[in-house]
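Visitor: My questions all concern the structure below.
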DNA sequence: CGAGGGGTTGACGCCGATCAAAGCTGGTGG
DNA sequence: CCACCAGCTTTGATCGGCGTCAACCCCTCG
């Protein structure tokens, strides 16, 4: 079952301690950007900071723990499990994204299962804390809205790019997404395993493998180091359009 | 080009006059639910009320008029036009939904083209008015967030239900969506034309037609009156799962 | 060294895209 | 009132892409 095999790790998640939002060096990227430092002085419930290994299940669809999560670093996949046992990856989120926001809208449970794709560094924020901060600082509401709008844009792109066209076009689009949103400073990105790529595009694993292997042979996609890859963006854009 | 042929109507849109939000009988369904009546006394820019015939283009992707829209009654499709000329319908929205919200998040232009599917009754709200109301009534921010969360849920459902599985499963899911979200009091719903159904599911028009015709022969789907249809929900749910 | 998990490749058959043509239906004009 | 037309729907025939089953390779780990 792919990365889910790491599920046993989730109890081993390394607790990094209480978060110090007022001293957070990446706060401008996060949900609490623009809140004043003083906003965090009298929180009723603590914000904790965790490091999860790849494959960890952050939460499961249908369950209800009163936390949302803000991703500091790493990739998280939101998975929908169909009744026939197959999985579909609905969204892939990275640095600065917040997940579990459906709880703020009154949903009693998470809508998806959230799984760490690589090592994930995140803050776990009690819903009650968000509500407290929202009431004291209405600006936070807008940032939640911005998160939702961003995710809506991603979902729309998913429908258009990964849900349409021939298999080769979809895989090309997927690689472009990885390159654009998940590459490191050097432009290299982690190539997901074939099962995850299949679950994102709605294509059979073998077909994905064939196409990826073809891209590698054509040098459109090539290993940079370890599991990091680089790609020929122009060639992939051409493929994603015409095939 | 299907309903887009009605594009010429858009200049004929019937202006129904200034909206009277304080007297609106369906405000509890709309964006401005829970705002006090007094909120609308000193608006800088007016809210107008329109009636659009089927096929009207409400706005086009990439353009930027400073308005969002709140749908009082009717169905609107959000369309993404691919560079190869094909269209993909990204979302179908109905009574109580707001569209064009991306403008509130700072987007310079609409992300999709919005087209009336049937007769659409809506309010056209200047962005400046929303901002004014938001600053005076922070609660409005939450309602915008709720709209976004709703649309995100719809987009996720779209990915899972209409972007996955065999053609027959997708068409079954689509009919169920129409039945669930767009049926009248009597349980009958408008069956979209085949081209729109194809653009929603990513299937060829002929294949959709074959499957719909098959459903009709099996009496799983039958005409109620005019273009209104009814369906056997249980049978379609079975089909949507196993095929 | 063997076991196991992922990735790659081959063979085959079916689903669905495509091209083509024939019903249907509602609207228009004689 | 009927003939005609245009657009949509339905159906047929054909073919290629991709899902499926299966084997094999490669790498890691015990």
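Visitor: If a residue has to be in contact with a strand residue (DSSP E or B) (Cβ under 6 Å, 6 or more places away or on another chain) and within 14 Å of chain A (Cβ to nearest Cβ) to count, how many in segment B:75-100 make the cut?
Guide: Qualifying residue count for the region: 16.
Visitor: Continuing with this model, one more query. Residues that are at the interface with chain A (Cβ under 9 Å from one of its Cβ atoms), over 24 Å from residue A:163 (Cα atoms), modelled with pLDDT under 95 and in contact with a helix residue (DSSP H, G or I) (Cβ under 9 Å, 6 or more places away or on another chain): does segment B:141-158 have at least one?
Guide: So far as segment B:141-158 goes, yes, one or more of its residues are at the interface with chain A (Cβ under 9 Å from one of its Cβ atoms), over 24 Å from residue A:163 (Cα atoms), modelled with pLDDT under 95 and in contact with a helix residue (DSSP H, G or I) (Cβ under 9 Å, 6 or more places away or on another chain).
Visitor: So, one more: With segment A:35-74 as the region, which strands (runs of 3 or more DSSP E) entirely inside it contain at least 3 residues that are within 14 Å of residue A:123 (Cα to Cα) and touching a strand residue (DSSP E or B) at 6+ places or on another chain (Cβ under 8 Å)?
Guide: A:48-52, A:67-73
Visitor: Same structure again: If you scan segment A:159-171, which residues turn out to be in a helix (DSSP H, G or I) and out of contact with any strand residue (DSSP E or B) (no Cβ under 7 Å at 6 or more places or on another chain)?
Guide: Matches in segment A:159-171: A:161, A:162, A:167, A:168, A:169, A:170, A:171.
Visitor: Yes or no: residue B:102 at pLDDT below 95, part of a helix (DSSP H, G or I) and under 22 Å from residue B:64 (Cα atoms)?
Guide: Taking the combined requirement at face value, the residue does not satisfy it.
Visitor: What residue, among those in segment A:192-206 that are surrounded by 20 or more Cβ atoms within 10 Å (Cβ to Cβ) and touching a residue at least 24 places away in the same chain (Cβ under 8 Å), is farthest from residue B:165 (Cα to Cα)?
Guide: A:192
Visitor: Additional query: Can we say residue A:233 is assigned by TED's automatic domain parsing to the domain that holds residue A:79 and away from DNA strand D (no atom under 16 Å from the Cβ)?
Guide: So residue A:233 fails the test.
Visitor: Moving on. Regarding segment A:76-95, can at least one residue be identified that is at positive phi, away from DNA strand D (no atom under 16 Å from the Cβ), crowded, with 22+ Cβ neighbours inside 10 Å and at pLDDT 95 or above?
Guide: no
Visitor: Okay, next question. Scanning for something at positive phi, modelled with pLDDT of 90 or more and surrounded by 12 or more Cβ atoms within 10 Å (Cβ to Cβ), does segment B:44-56 turn up at least one residue?
Guide: Within segment B:44-56 (the criterion being at positive phi, modelled with pLDDT of 90 or more and surrounded by 12 or more Cβ atoms within 10 Å (Cβ to Cβ)), the answer is yes, since at least one residue qualifies.
Visitor: Looking at (1) part of a strand (DSSP E or B); (2) farther than 13 Å from residue B:31 by Cα, which is the only condition residue B:124 fails?
Guide: (2)
Matching residues to (1) touching a strand residue (DSSP E or B) at 6+ places or on another chain (Cβ under 8 Å); (2) in a helix (DSSP H, G or I); (3) within 11 Å of DNA strand C (Cβ to nearest atom); (4) not assigned by TED's automatic domain parsing to the domain that holds residue A:89:
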| residue | (1), (2), (3), (4) |
| --- | --- |
| A:173 | no, yes, no, yes |
| A:180 | no, yes, no, yes |
| A:192 | no, no, yes, yes |
| A:195 | no, yes, yes, yes |
| A:198 | no, yes, yes, yes |
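Visitor: Taking segment A:208-229 on its own, how many of its residues are more than 8 Å from DNA strand C (Cβ to nearest atom) and within 20 Å of residue A:243 (Cα to Cα)?
Guide: Matching residues across segment A:208-229 total 7.
Visitor: Please verify whether segment B:121-134 includes one or more residues that are free of Cβ contacts under 8 Å to residues at least 60 places away in the same chain, closer than 24 Å to residue A:106 by Cβ and outside the structural domain of residue B:195 (by TED's automatic domain parsing).
Guide: Yes: segment B:121-134 contains one or more residues that are free of Cβ contacts under 8 Å to residues at least 60 places away in the same chain, closer than 24 Å to residue A:106 by Cβ and outside the structural domain of residue B:195 (by TED's automatic domain parsing).
Visitor: Could you go through segment B:109-122 and let me know if any residue there is within 10 Å of chain A (Cβ to nearest Cβ) and in contact with a helix residue (DSSP H, G or I) (Cβ under 9 Å, 6 or more places away or on another chain).
Guide: Looking through segment B:109-122, at least one residue is within 10 Å of chain A (Cβ to nearest Cβ) and in contact with a helix residue (DSSP H, G or I) (Cβ under 9 Å, 6 or more places away or on another chain).
Visitor: Now for a separate question. Can you tell which of A:134, A:184 is over 21 Å from residue A:48 (Cα atoms), at pLDDT below 95 and either away from every other protein chain (no Cβ under 13 Å) or crowded, with 17+ Cβ neighbours inside 10 Å (or both)?
Guide: That would be A:184, the only listed residue that is over 21 Å from residue A:48 (Cα atoms), at pLDDT below 95 and either away from every other protein chain (no Cβ under 13 Å) or crowded, with 17+ Cβ neighbours inside 10 Å (or both).
The values are calculated or read from the model by the stated rules, or taken from the named source; none is laboratory data. As the structure is a computational prediction, the values presented were derived from the model and not from experiment. Because the Cβ atoms are built from the backbone with ideal geometry, glycine has one as well, and the counts that use them run over all protein chains shown.
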